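Since the structure comes first, as structure tokens, the remarks are kept for the end.
The values are calculated or read from the model by the stated rules, or taken from the named source; none is laboratory data. Remember, predicted model here, so these are calculated numbers, not experimental data. Positions of Cβ are generated from backbone atoms using ideal geometry, with glycine treated the same way; all protein chains shown enter the neighbour counts.
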Amino acid sequence: MNQVATKTHVSSKPFLDVLNGRPNGNESDYIPFWFMRQAGRYLPEYRKLRASRNGFLDMAFDPKAASEITLQPIRRFGMDAAILFSDILVIPHALSQALDFVEGEGPKLDPIRDGAALSKLSFSGLESKLSPVYETISNVTAQLDDQTALIGFAGSPWTVATYMVEGSSSRDFINVKKMAYGDPELFSKLIDMLVEATAHYLIKQADSGVEALQLFDSWAGALDADEFKKWVIGPTKKIIDLVRDSHPDIPIIGFPKGAGYNYMSYAEETGVSALGLDSQVPVKWAARSLQPLMPVQGNLDPICLLTGGDTMKIAVEKIMEELSGGPFIFNLGHGIHKDTPLENVEALIKLLRP
Ligand code: 1CP
């Protein structure tokens, strides 16, 4: 397959250069890009592989399949970074909460609603359940070219806890908020467990060869400012401090989706090295108030990519105009939609690499 984009004019890994505050090689106008959920169902080669397997977890825990899927979008599109193919819910699974991905319905877990259910979680299987992920990282690292970086990731405790308590995706987060507001002591126990498991998992990913980390806090927008401080900023900071104890220089991108004005305190207080912006963040505000603090990444609405044409072109130009003057990585504001036409992805890359 042809690589659409070429990186031959830059000296190292442009994605890491931006995160590390270095100018992008010789060309300050080289904007690195990757797309959240770039490995997945919009790709025919992914759908083909998935059809021959017993579901999502079977692929995610098979180092050969997971490496192949991680590399599929890179071979087709030449992004500046690959992201490990796994999921944020491998942590509850590794803590022995029953997890299933039901086709068309999303994740299903045995919900944790009280102390008795919480006490069944256990660290004893963590290492053996997660070890295939570390093998995937070694495989991918051996196959990537010297200008493409590998990103490891995990979910942030708040977002992972929403799935653990609700038992599935949620719109209103009633059960998890009821626990967080009504029994903060019990909820803290769950969050503390997630902090410990997640920090361990990220450290092992870095030991295995990932060069940057992203923390996905997809449901950070469900909390008001005080609760955001308690359940998003506090636990995120703890994880980052623990990771930095053993990997002081690894860049960590935080993605507190939907955080709105709380992006500011998140940037100032968690210790992240860069911010993933969702599509609702006004780029003018981001350029003025967030980008001076640290590199930013984002934030094309995935539905603009799905729509394509002039809608997409205008949206991309606006983002570039506002953010390309400072440290910037082009991305979407959330994961790529499964019905996105491949031609639109190709057209987007042509806009980024004319
Ligand atoms: O083929 C399939 O049916 C599985 C679909 C799928 C895929 C491709 C799931 C189930 N997870 C993934 C991979 C995945 N998930 C990756 C690696 C691939 C890549 O990015 O290229 C990553 C980083 C994630 C992260 C993830 N999983 C998040 C955070 C980002 C986000 O989208 O907000 C969340 C919330 C999940 C949970 C999850 N996993 C899968 C589903 C269907 C869901 C539920 C999403 C929801 O509640 O809306």
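So the values come out like this:
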| read-out | value |
| --- | --- |
| Candidate set: segment 213-238, residues that are surrounded by fewer than 16 Cβ atoms within 10 Å (Cβ to Cβ) and not aliphatic (A, V, I, L, M); chosen: the one nearest to Leu275 (Cα to Cα) | Lys229 |
| Options Asp62, Asp80, Asp100: the member that is charged (D, E, K, R), farther than 23 Å from Leu213 by Cβ and either touching a strand residue (DSSP E or B) at 6+ places or on another chain (Cβ under 9 Å) or more than 9 Å from the ligand (Cβ to nearest atom) (or both) | Asp100 |
| Among the candidates Val133, Val176, Val160, residue that is farther than 25 Å from Asp62 by Cα and either β-branched (Val, Ile, Thr) or assigned to a strand (DSSP E or B) (or both) | Val176 |
| Residue, nearest to Gly152 (Cα to Cα), within segment 197-224, restricted to residues that are more than 16 Å from the ligand (Cβ to nearest atom) and free of Cβ contacts under 8 Å to residues at least 60 places away in the same chain | Ala206 |
| Helices (runs of 4 or more DSSP H) within segment 1-118 that include 2 or more residues farther than 26 Å from Tyr134 by Cα and modelled with pLDDT under 95 | none |
| Residues within segment 141-185 that are closer than 18 Å to Val232 by Cβ and touching a Gly at 6+ places or on another chain (Cβ under 6 Å), tallied | 0 |
| Hits in segment 319-354 - residues which are within 16 Å of the ligand (Cβ to nearest atom) and closer than 14 Å to Leu306 by Cβ | Leu332, Gly333, His334, Gly335, Ile336, His337, Lys338, Asp339, Thr340, Leu342, Val345, Leu348 |
| Hey, Ser138 in a loop (DSSP other than H, G, I, E, B), away from the ligand (no atom under 13 Å from the Cβ) and surrounded by fewer than 18 Cβ atoms within 10 Å (Cβ to Cβ) or not | no |
| Leu150 being part of a helix (DSSP H, G or I), of a type outside the set (Ser, Thr, Tyr), under 22 Å from the mean Cα position of the chain (by Cα) and buried (at least 18 other Cβ atoms within 10 Å of the Cβ) | no |
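Rundown of residues vs (1) over 18 Å from the mean Cα position of the chain (by Cα); (2) among the β-branched types (Val, Ile, Thr); (3) surrounded by 20 or more Cβ atoms within 10 Å (Cβ to Cβ), yes/no style:
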{"position": "Pro32", "(1), (2), (3)": "no, no, yes"}
{"position": "Gly40", "(1), (2), (3)": "no, no, yes"}
{"position": "Glu45", "(1), (2), (3)": "yes, no, no"}
{"position": "Arg50", "(1), (2), (3)": "yes, no, no"}
{"position": "Gly55", "(1), (2), (3)": "yes, no, no"}
{"position": "Ala60", "(1), (2), (3)": "no, no, yes"}
{"position": "Pro63", "(1), (2), (3)": "yes, no, no"}
{"position": "Ala66", "(1), (2), (3)": "no, no, yes"}
{"position": "Ile69", "(1), (2), (3)": "no, yes, yes"}
